[in-house]
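Beneath this line is the structure, given in structure tokens, with notes to follow.
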């Protein structure tokens, strides 16, 4: 599986999903094309999915928010007769490299989180209308919706059969959402996750696995009714018209990925990707109407789209570039005008969507399994939202004092209101709160620094950067860091970074990416699952996996 | 590594630790016997440790609380000249099976948690007096102490060199305690965990890695002074004399482990261990003085000691018995008198220690990587503390109505005050609160059931058992459950159970056992760490591990 995977798509290319828009209600219909797999060697039967199916879903969820702000309720349903969704395609999983499985689960998790949070963030509420078998990743799709309706017939059931059938865990948050979102009693959850055939009818409702069980004859009508009710109750303001998200201007070569506002330099020998963000060339639009008129060309929106694509592209297609280095270049004052417009108009639907998009994208950085660094060089513009990147990375290096022959403006960091609550991490506190867990008062005192251009010495004194270096030391120190970092075992780094990045409180989200993912990764390495006699290889042969029965 | 590992020891057998008692202060001296390894093939150089060293430490921590209640401060130090502790022995890790590594880390984690909690639970405060190199597991020993003193010289440093040196993670909570106990800034933690040589002197203190840095010349005196100060400030009541923990009466055969109060039946074909707890034959002692006079023969203390040994023995020595079934037989009323004595006198030092010991032992059940079930049969005594076992297991089955030819008293469960706060799980809420996360009011309403003998139908209605079965169905249903359960992949079950057992809040403890352990297990399976060219195998050869550089 080494062909490049492109995360950019648009409705004209969809093969697996359809969306029907009916005013405030959208019907999102999963109808997977069996022959539309991303790779050879498997058929996407029974509405099973691979990464390609999920890339379309992610695109839909995103466009729903920008292109269809009139939508208040999304009803997810199946276009097949007897099946809602059979989950991730097992043959795809059986044939995929470990890294692909892990990356696949990460992206699908992010997509589930995105539509789960849409209700709170944007007033778009997802309903799962489940008719037919809804198993494994299929039920996990439903679990991430905020209301699950199940038809009451002999073939409709929800289930997580991964453990008994496949010797792996549900890969996209299923266990965590069962216990912590739906708060199913743990012994019932234990039974539920141990039975291949799933749970149906009244019991599914009694155990809290679904919200409603509806006779088959009344199912469609009740779903329509429920969607209308929810739309009517929604507090989402009416917005008549969205903006169009056009294709990104992107060029990929062997050594670089170039967008309008981001330049990614790929150094395969050094095993680094250097991501340089360009500041805006012009002041912000005068108001949100002007921003809306710019549409997907508005700086703050264009930049976050490019940043998201950068992250997804590098994660999936450049596995051996173990260290990402973030840089920026541009005028901080001009950049601030763009951020200010959004922050001052956060109630405006498009400002809100753009800020929420930044929130999601910054979270993607947090859970990226690459070493992350930022170099705060002269001429940089790490201010406000972009300064969040400094607090997301594992380490930051900042230039101190003048550098010989470098006449760019002195490196400085500026905090804004955006650093104090607008962009919580998955642990539901800000990156500054996480950083200064030992000293919450320091976070408060940093508010008095809002707007100040903090040069290296001051940024260091305030704890905002890791290392400051002058002209004499910069080159050597930075080089040594890079060389050392990329020489470490990638596995150990992944484990270390996953643990060090998320101090403080835990949420369902951190639990999914931290605890559940780690257990899944472990199991995805065990012969009982992935060995030649393991369950994933033997799936469909009628012969059960041959297990080593030692308990670990 | 298949010889039986015995978790029972006593001071006459210690090879690696010495304890000097000086009134309220105890000096706990680590002086590992290089030739005293539990297995062949490695020498325990530089105060490195294996499971045998940790079994002694665990024994000391335990005896400190029961045999030496006069102790208020424990000073952990090294008996070697230039090294505090070099951590887990790498050759041992390099040669050990995956299951042994995981079990080893679990037990050492439990031991660290036990002495870390001793301050709050028993008023025994641990100080780490660090002179010389303190690396990896050595620093993790110090991290679990509540005050770390470091001498300021050229060779004394604290470090977590696992990632750069060994391509694994610190295995006993190091990353979590750095970020969440000591709240070290995450970028500093990143540096700290990336440098082989560790951090010393002022920087160690400034970064929060240690509490005090003291000039070498004043180190010993300052440690003595600090210990005395802490002892003087302690609110722990003075207790002149402890009780002696004598050897357990235990017989191990191929099919059974038999103690005075616990009978473990090992069915290798069925892959189950059935653990039957016997109720007390006599009423409780009249008061705590009488309990103290009974000493280690007092029912509640003897039972928990036997239960703990059962857990540790089965976990380590019986890896293929994938399902533990808990049963009990005895008179509930008589048992209640024993529990009541402790609960009514919880302020008494020995009652407190016995209850705390139960808390720790119940937590050991929670984190055991075996499927856990309880069968509530006629004649059983799952009341109060023993009922906690029902809420710790993955599933419980209870006999309903009379069984043909069975004239034992009807199966019934009784709740007591002990179920409502005295025995929190690692997540810091009770097992009932975890069980009824969806319905906290139900936990409140259950208080009105305290003391009632809840037979099957009522226990089921109250949500206290998973399945109730009458004489017609019992045998078949229970048999099917056992057969199905032990046929699943052990790895998938471990991951599933680790996720389903801990709903609700997270703590440092759940994070260590859940998140950190899972990542560690994953890394312990990766060729970069454990392959023939991996870091663990190559350690000491001067050649670095040969890593696959793909990031996962």
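Worth a mention:
- Residue within the stretch A:181-202 that is surrounded by fewer than 18 Cβ atoms within 10 Å (Cβ to Cβ) and over 30 Å from residue B:443 (Cα atoms) present: yes
Okay, residues lined up against (1) at the interface with another protein chain (Cβ under 7 Å from one of its Cβ atoms); (2) assigned to a loop (DSSP other than H, G, I, E, B); (3) touching a strand residue (DSSP E or B) at 6+ places or on another chain (Cβ under 7 Å):
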residue	(1), (2), (3)
A:494	yes, no, no
A:497	no, no, yes
A:513	no, no, no
A:517	no, no, no
A:522	yes, no, no
A:533	no, yes, no
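- Selection from the stretch B:508-523 of residues that are in contact (Cβ under 8 Å) with a residue 24 or more places away in the chain and either assigned by TED's automatic domain parsing to the domain that holds residue B:411 or closer than 18 Å to residue A:519 by Cβ (or both): B:509, B:510, B:511, B:512, B:513, B:515, B:516, B:517, B:519, B:520, B:521, B:523
- Look at (1) surrounded by fewer than 20 Cβ atoms within 10 Å (Cβ to Cβ); (2) out of contact with any strand residue (DSSP E or B) (no Cβ under 6 Å at 6 or more places or on another chain); (3) more than 14 Å from chain B (Cβ to nearest Cβ) and you find that residue A:410 fails only one, number (2).
- The lone criterion from (1) in contact with a strand residue (DSSP E or B) (Cβ under 7 Å, 6 or more places away or on another chain); (2) at pLDDT 95 or above left unmet by residue A:69 is number (1).
- Flag if residue A:172 is crowded, with 24+ Cβ neighbours inside 10 Å, touching a residue at least 60 places away in the same chain (Cβ under 8 Å) and in a strand (DSSP E or B): no
- Residue B:212 farther than 30 Å from residue B:278 by Cα, out of contact with any helix residue (DSSP H, G or I) (no Cβ under 6 Å at 6 or more places or on another chain) and either within 11 Å of chain A (Cβ to nearest Cβ) or in contact (Cβ under 8 Å) with a residue 40 or more places away in the chain (or both): yes
- Within the stretch A:463-480, being touching a residue at least 12 places away in the same chain (Cβ under 8 Å) and in a loop (DSSP other than H, G, I, E, B) holds for A:463, A:464, A:465, A:466, A:470, A:471.
- Whichever residue in the stretch A:431-462 is touching a helix residue (DSSP H, G or I) at 6+ places or on another chain (Cβ under 7 Å), part of a loop (DSSP other than H, G, I, E, B) and within 13 Å of another protein chain (Cβ to nearest Cβ) and, among such residues, is nearest to residue A:513 (Cα to Cα): A:436
- Number of residues in the stretch A:535-549 that are within 7 Å of chain B (Cβ to nearest Cβ) and at pLDDT below 90: the value is 1.
- In the stretch A:441-464, the residues that are farther than 12 Å from residue A:387 by Cβ and touching a strand residue (DSSP E or B) at 6+ places or on another chain (Cβ under 6 Å): A:455, A:456, A:460
- Strands (runs of 3 or more DSSP E) within the stretch A:217-283 that include 1 or more residues under 23 Å from residue A:329 (Cα atoms) and in contact (Cβ under 8 Å) with a residue 60 or more places away in the chain: A:272-278
- Residue within the stretch A:198-205 that is more than 13 Å from every other protein chain (Cβ to nearest Cβ) and at pLDDT below 95 present: yes
- Candidate set from the stretch B:146-187 (those that are facing chain A (nearest Cβ under 7 Å) and more than 25 Å from the chain's Cα centre (by Cα)); member that is farthest from residue B:221 (Cα to Cα): B:167
- Qualifying residue in the stretch B:107-126 (condition: farther than 29 Å from residue B:236 by Cβ and either in the same structural domain as residue B:70 (by TED's automatic domain parsing) or more than 27 Å from the chain's Cα centre (by Cα) (or both)): no
- Whether a residue is part of a helix (DSSP H, G or I), out of contact with any strand residue (DSSP E or B) (no Cβ under 8 Å at 6 or more places or on another chain) and within 30 Å of residue A:464 (Cα to Cα) was assessed, and residue B:189 passes this test.
Quick grid of which residues meet (1) farther than 24 Å from residue A:225 by Cα; (2) at pLDDT below 95; (3) buried (at least 17 other Cβ atoms within 10 Å of the Cβ); (4) in contact with a strand residue (DSSP E or B) (Cβ under 6 Å, 6 or more places away or on another chain):
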residue	(1), (2), (3), (4)
A:7	yes, no, yes, no
A:19	no, no, no, yes
A:36	yes, no, no, no
A:41	yes, yes, no, no
A:47	yes, no, yes, yes
A:59	yes, no, yes, no
A:73	no, no, yes, yes
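- Boolean, residue B:364 is over 24 Å from residue B:447 (Cβ atoms), within 14 Å of chain A (Cβ to nearest Cβ) and surrounded by fewer than 23 Cβ atoms within 10 Å (Cβ to Cβ): no
- Some residue of the stretch A:342-355 being part of a helix (DSSP H, G or I) and within 13 Å of the chain's Cα centre (by Cα): no
- Evaluating residue B:509 against the criteria (1) facing chain A (nearest Cβ under 7 Å); (2) within 24 Å of residue B:177 (Cα to Cα) leaves one unmet condition, (1).
- Residue in the stretch B:304-311 that is under 28 Å from residue B:411 (Cα atoms), assigned to a loop (DSSP other than H, G, I, E, B) and at pLDDT 95 or above present: no
The values are calculated or read from the model by the stated rules, or taken from the named source; none is laboratory data. Because the structure is predicted, anything quoted here is derived from the model rather than measured. Neighbour counts run over all protein chains shown; Cβ positions are idealised from the backbone, glycine included.
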